[in-house]
Amino acid sequence: MQLPVRPRRLRATPAMRRLVTDVRLHPGDLVLPVFVREGIDAPQPIRTLPGVVQHTRASLVATAKEAVAAGLGGIMLFGVPEHLDAVGSGADDPDGILNVALKDVRDAVGDDIVVMADLCLDEFTDHGHCGVLDAAGRVDNDATLERYASMALAQAAAGAHVLGPSGMMDGQIGVLRAALDGAGHEDVSLFAYAVKYASGFYGPFREAVNSQLKGDRRTYQQDPAAGVAEALREVRLDLDEGADMVMVKPGLPYLDVLRAVAEVSDVPVASYQVSGEYAMVEFAAQAGALDRDRVALESLLALRRAGAQIVLTYWALDAARGWIG
Ligand code: PBG
């Protein structure tokens, strides 16, 4: 048959498919989120996140070196402290687990990989909210900003290249930028969790950080049913306040939002493939329902295709070592 166009010609061989592909993944695009826990002497598996552990300080440093060797773009640290209190005192204590671990990692890797710190209080508070509470038990936006500013200075002093404020307080980027600049940390970047939904897909993360939260975060994180306009407003505010990069979170359930943000942002756009997205594939693969590596790679490509330049994923090392390139 004389067909005028045969799209299948461009799919005929692996070499041809590689030549004509639009979307590529490079280890340098990927950021590995890691957990470091105080007071343990061996890495602890996380039941809800197969293959992910709560690190000791030593095992974290070893993993950071592996991330460098694999050519990853960055590593994002989350702290799991032993002692919690109402204001999250461990968060801005220079001897707090996250800050000492940041210093360990920076001392080990220097500038060979971008070292990022999660900047939020939920891992450090005994009530598990991302901020401090007022007398009525509500998350107090402006009192929380003061705590974040103090945390930012501790993280910058510990050597973080990039701070990732993930608490969704209004005005957090502007306050952090001013605090950093006022203390001579003009070179420290702000990676804004600009668009973050109150998502059930964070479920497995709760166990990863031993979260104490009862209730939910719906008064500060975004409503999953809200439209794209709200997401664009959050991005605009963060860009106006000085965000160096913006993130949309979670990943796959919000590809429409990611695409819309990528179209307007003039700073790099990231997607966070969160714990529940990872766990769904891992557990389905354990049950024999999915080919883990294939589906994981497909999901990462989807995030890149929708407009993410940077992807945070618990599969970063697996991807860099095996699935891409
Ligand atoms: C808050 C924070 C959360 C995640 C990253 N930062 C939890 C939440 O907002 O409830 C979730 C990440 C994941 O699920 O992988 N510090």
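Quick notes
- For Gly171, neighbours were defined as the other residues whose beta-carbon sits under 14 Å from its Cβ, and their charges (Lys and Arg +1, Asp and Glu -1) total -4.
- Other residues within the sphere of radius under 10 Å centred on the Cβ of Val267, judged by their own Cβ, net out at -3 (K and R +1, D and E -1).
- Sparse-neighbourhood loop sites, trypsin sites (Lys or Arg not before Pro) in region 1-74 - DSSP loop, at most 16 other Cβ within 10 angstrom: Arg24, Arg47
- Cα-based reach from Lys65 at 26 Å (exclusive), listing lysines while leaving out same-chain residues under 8 positions away: Lys103
- Percent RCO, i.e. relative contact order, over region 201-320, from Cα pairs under 8 Å lying at least 6 residues apart: 28
- Taking every C-alpha pair closer than 8 Å and separated by at least 6 residues, the mean separation divided by the residue count of the chain gives a relative contact order of 19 percent.
- Looking at region 231-325, none of the chymotrypsin sites (Phe, Trp or Tyr not before Pro) sits in a DSSP loop with at most 13 other Cβ atoms within 10 Å of its own Cβ.
- Taking 7 Å steps out from each Cα toward its Cβ at Ala289 and Arg8 produces label points 3.2 nm apart.
- Dipole moment magnitude, nearest 20 debye, region 159-313 about Cα centre, only Lys, Arg, Asp, Glu C-beta charged: 440
- Within the same chain, lysines fewer than 8 places from Lys249 are excluded, and of the rest, those with a Cα less than 18 Å from its Cα are Lys196.
- For the chain, with +1 on Lys and Arg beta carbons and -1 on Asp and Glu, the positive-most of Gly51, Gln222, His26 along the dipole: His26
- Neighbour-limited loop hits for GluC sites (Glu not before Pro), region 32-114 (at most 14 other Cβ within 10 Å; DSSP other than H, G, I, E, B): Glu82
- The residue list Val5, Gly131, Val109 was ranked by how far each Cα lies along the charge dipole of region 1-147 toward its positive end, using unit charges on Cβ atoms, and Val5 comes out on top.
- Under the convention that each Lys and Arg Cβ holds +1 and each Asp and Glu Cβ holds -1, the size of the dipole of the chain around its Cα centre is about 2000 debye.
- The magnitude of the dipole of region 62-158, with charges of +1 and -1 set on the Cβ of Lys/Arg and Asp/Glu and taken from the Cα centre, is near 240 debye.
- With the whole protein complex present, Ser89 retains an accessible surface near 50 Å², based on a 1.4 Å probe.
- Cβ crowding within 10 Å averaged over residues, with 147-153, 299-305 ranked highest first: 147-153, 299-305
- Sulfur and carbon atoms: percent of accessible area, region 26-323 [1.4 Å]: 50
- Neighbourhood net charge (12 Å Cβ-Cβ; Lys/Arg +1, Asp/Glu -1) for Arg18: +2
- Using a Förster distance of 56 Å, the FRET efficiency for Ala143-Thr21 (Cβ separation, nearest 0.05): 0.70
The values are calculated or read from the model by the stated rules, or taken from the named source; none is laboratory data. Everything numeric in this text was worked out from a predicted model, so none of it was measured. Here the Cβ is made from the backbone with ideal geometry for all residues, glycine too, and neighbour counts use every protein chain on show. Accessible surface areas use protein heavy atoms only, side chains included; no ligands, DNA or RNA. Shrake-Rupley method; radii C 1.70, N 1.55, O 1.52, S 1.80 Å.
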